[in-house]
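K.L.:
My questions all concern the structure below.
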Amino acid sequence: QVQLVESGGGLVQAGGSLRLSCAASGITFSSYNIGWYRQAPGKQRELVAGLSRGGSTNYADSVKGRVTISRDNAKNTLYLQVNSLKPEDTAVYYCNAALFSRVFWGQGTQVTVSS
């Protein structure tokens, strides 16, 4: 059984930082294209950052320069470092792993940024 478990969300003031984690079991992250998505109330889920199997990264324009996605293969864990947080970063953040038709999601972790 595949499980992706996010952690690290919380309430933070604008300008602060958070590091989100996503621990995987049942799959090996390094074999998948992985990423972080977020969904704010009333909005569609959007890609925040992606990390391909080959190691290339891509970031949403709204977070470029403030966000870093990384992976620890030994821990089979995905991270998202978010700096200079803004109120508009408030959302539920989801971890995703995909390979062809196999797509897995975590349950999400809430990030709330106060102004």
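The values are calculated or read from the model by the stated rules, or taken from the named source; none is laboratory data. In this text, all values refer to a predicted model and were calculated from it rather than measured experimentally. Methodologically, a virtual Cβ is constructed for each residue, glycine included, from the backbone with ideal geometry; neighbour enumeration extends over all protein chains shown. Accessible surface areas use protein heavy atoms only, side chains included; no ligands, DNA or RNA. Shrake-Rupley method; radii C 1.70, N 1.55, O 1.52, S 1.80 Å.
K.L.:
Net charge near V92: determine it from the other residues with C-beta under 11 Å of the C-beta of V92, scoring Lys and Arg +1 and Asp and Glu -1. Each step should come with its number before you reach the end.
P.N.:
Numbers: positive: R38, K43, R45; negative: E6.
In short, +2.
K.L.:
Let me ask another. For the range 47-87, rounded, prolate or oblate, judged on the Cα gyration tensor with a ≥ b ≥ c (square roots of eigenvalues), a/c < 1.5 rounded, else prolate if a/b > b/c? Working shown, then result.
P.N.:
On the way: a/c = 3.08, a/b = 1.61, b/c = 1.91.
Note, shape of the range 47-87 comes out oblate.
K.L.:
To the nearest Å, what is the center-to-center distance of the range 1-32 and the range 44-115, using C-alpha atoms only?
P.N.:
The range 1-32 and the range 44-115 have Cα centres spaced 8 Å from each other.
K.L.:
Mind checking the dipole of the chain: about its Cα centre, +1 per Lys or Arg Cβ, -1 per Asp or Glu Cβ, Debye to the nearest 20?
P.N.:
Numbers: 11 positive and 6 negative charges, 29 e Å.
Roughly 140 debye, rounded to the nearest 20.
K.L.:
What percentage of the solvent-accessible surface of the chain, computed with a 1.4 Å probe over protein heavy atoms, is contributed by carbon and sulfur atoms? Before the final figure, lay out the partial values.
P.N.:
Working: 2820 of 6040 Å².
Percent of accessible area from carbon and sulfur atoms in the chain: 47.
K.L.:
Given a Förster distance of 30 angstrom, what is the FRET efficiency for T68 paired with Q107, based on the Cβ-Cβ distance and rounded to 0.05? All intermediate terms of the calculation are to be shown ahead of the outcome.
P.N.:
Details: r = 23 Å, r/R0 = 0.76.
Taking R0 as 30 Å, the efficiency between T68 and Q107 is 0.85.
K.L.:
Under a straight-distance cross-link criterion of Cα-Cα below 16 Å, which aspartates and glutamates are reachable from K75, leaving out those fewer than 8 residues away in the same chain?
P.N.:
Candidates past the 8-residue exclusion: E6.
K.L.:
When we measure straight from the Cα of K86, which lysines land under 26 angstrom away, once same-chain ones fewer than 8 places off are left out?
P.N.:
K43, K64
K.L.:
For the range 1-102, with equal point scatterers placed on the C-alpha atoms only and solvent neglected, what are the log10 I(q)/I(0) values from the Debye formula at q = 0.12, 0.15, 0.21 1/Å, to two decimals?
P.N.:
-0.37, -0.58, -1.11
K.L.:
Taking the solvent-accessible surface of protein heavy atoms with a 1.4 Å probe, what is the per residue accessible area of the chain in Å²?
P.N.:
Details: 6040 Å² over 115 residues.
Dividing the accessible area of the chain by its residue count gives 53 Å².
K.L.:
Could I ask something else about it? Would you calculate the separation in nanometres between label points at L99 and V2, each defined as 7 Å from the Cα along the Cα-to-beta-carbon direction?
P.N.:
Spacing of the two 7 Å Cα→Cβ label points: 0.9 nm.
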